[in-house]
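Taking it in order: structure first as C-alpha cells, then the write-up.
The values are calculated or read from the model by the stated rules, or taken from the named source; none is laboratory data. This one's a predicted model, so the numbers in the text were calculated from it and none came from an experiment. Because the Cβ atoms are built from the backbone with ideal geometry, glycine has one as well, and the counts that use them run over all protein chains shown.
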Amino acid sequence: MAASRNDPAASGGPSAVGGRYLAGLIGGVAGACAAFFLGLGALHATGHLPPPAFSNSLCVDEKLGFMRRHPTSDADLLVIGSSVAWRHFDGAAITGLRPLNGAFCGLRANQAVYVADWLLGREPAVSEVVMIASPQDFGECARTREAVFDRADADRFVYGDAATWPFYVRYFAPVSLLRNARKVRDQREALIALDPLVFDRYADGPMDTDASRPGLYYGAPPPLDDACFAAVDRFARRMHAEGRGFSLVVTPLHPDWKAQQDPDGRFLAEFDRRLHALADAHGARYWNADREWTPPVAAFTDAIHLRWSGAQDFSAALARELDLDDTASPDITRATAAR
C-alpha cells in the first residue's frame, strides 16, 4: 500500500525537516555575513568606508583610525580636551617638544581625562600635558558617560595591530555606517568646510576655511558641574605625583557670544576662578587665553571655534606663554602669577 501523504517517513521524518531548517538558517547567516563584508569592501574601495564605530561618533572614531595608521610612542607633549583642543592646537608651533594631539571632538572634561589616562599608558615619554578647554566642556559631566570608548578595544585597534574587520562586527551599527558612508569621503577631502576630518602629523584637526557658521551656533552653556572639576582635579593630582608638567588653558571665546550669554561676566568669572584655584592647588600652570589673548573676530567660525589661521596664532601665543617653545624668552610671565 502506498505511504500516506501525512506519514512522517514520506518526507524524511522530523529529523530531516529539522536538518533542512538548520541548514537554511546557517546558509542565511553566512549569506548575510558575506553580503556585509562585501559591502564593507566596496565602501573601502571607493573611500567611503567609515571607521569602526567604537564611540558611534564619526569624528572620534576617525581620529582613532588616524592614530592607528600613524602610530607614535615618542611624544613628550600631550594635548587633551574637546574639539577646541583638537582644532586649535598647531603642533608645528612647538619647537622644543614632540607633540601629540590627544583631543577628541565633543568631549566633556571627565571624558577628556578618561582618554588622557589611556594615552599616558601608551606614551611613556610624555612629560608635559596641556588641556585646552571651553566652558561647554565643564557642564553635564555627572550625567555623561565617562567611557567615550572601550579602552581595551581602542588599545588593540590603535596600538595592538589587531585586524580591523572584526571590530565592524563587534560594533555593528548599520544605520550609522550608511549615514556616515555618505559623507566621510567628503570630510576626509575637506569638502565640508566646517566639519573636515583632516589631520596633520601631530593629529591636530586643521579647519582651514574662510567659512563661518550662520549666527554663533552655540547658545547658553550648561551650568558648571562639580563632577567636571573633580575629574580634572584628580588628573592634576596624578600629574603632580608623577612629576609631569600640567597646564590648563581656556580657549578664546567670541566676544558677541559673551555679550549675549554672559553680559555681566559672572559665569566666565566663576569658571576662571575655579580653574585657577584647581591649577594652583596642584602646581599646574594656568592661562586664560580668553581674557589675556584677543584674536580678531574674523578668526572665529562660531562662538568657540577658530579657523586654522587663528589657531596657528593662538598656538604660537600658547607656546610662548607656557614656555613650550625653545625660542621663548626664559623670563616669560606665567599665568599662575599673581593677578
request  = Test L100 against the stated conditions and say whether it is in contact with a Leu (Cβ under 7 Å, 6 or more places away or on another chain), buried (at least 16 other Cβ atoms within 10 Å of the Cβ) and outside any helix (DSSP H, G or I).
outcome  = yes
message = Against the condition assigned to a helix (DSSP H, G or I) and either in contact with a Ser or Thr (Cβ under 9 Å, 6 or more places away or on another chain) or at pLDDT below 95 (or both), how does A227 come out, does it pass?
response = yes
request  = Only one of these is over 24 Å from T209 (Cβ atoms), of a type in the set (A, V, I, L, M, F, W, C) and modelled with pLDDT of 95 or more: A289, A281. Name it.
outcome  = A281
query = When the range 298-317 is examined, which residues are found to be in a helix (DSSP H, G or I), surrounded by 23 or more Cβ atoms within 10 Å (Cβ to Cβ) and either on the phi > 0 side of the Ramachandran plot or among the hydrophobic types (A, V, I, L, M, F, W, C) (or both)?
reply = A311, F314
query = In the range 292-332, how many are modelled with pLDDT under 95 and either touching an Asp or Glu at 6+ places or on another chain (Cβ under 8 Å) or closer than 13 Å to H88 by Cα (or both)?
reply = 3
query = What number of residues within the range 156-212 satisfy the criterion of being within 20 Å of the chain's Cα centre (by Cα), of a type in the set (A, V, I, L, M, F, W, C), part of a loop (DSSP other than H, G, I, E, B) and at pLDDT 95 or above?
reply = 9
query = Restricting attention to the range 32-40, does a residue exist that is touching a Leu at 6+ places or on another chain (Cβ under 8 Å) and at pLDDT below 95?
reply = yes
task = For the range 213-224, name all the residues that are at pLDDT 95 or above and surrounded by fewer than 20 Cβ atoms within 10 Å (Cβ to Cβ).
result = R213, L216, Y217, Y218, G219, A220, P222, P223, L224
key: Residue match in the range 249-266 (condition: within 19 Å of V126 (Cα to Cα) and either surrounded by fewer than 18 Cβ atoms within 10 Å (Cβ to Cβ) or among the small types (G, A, S) (or both))   = no
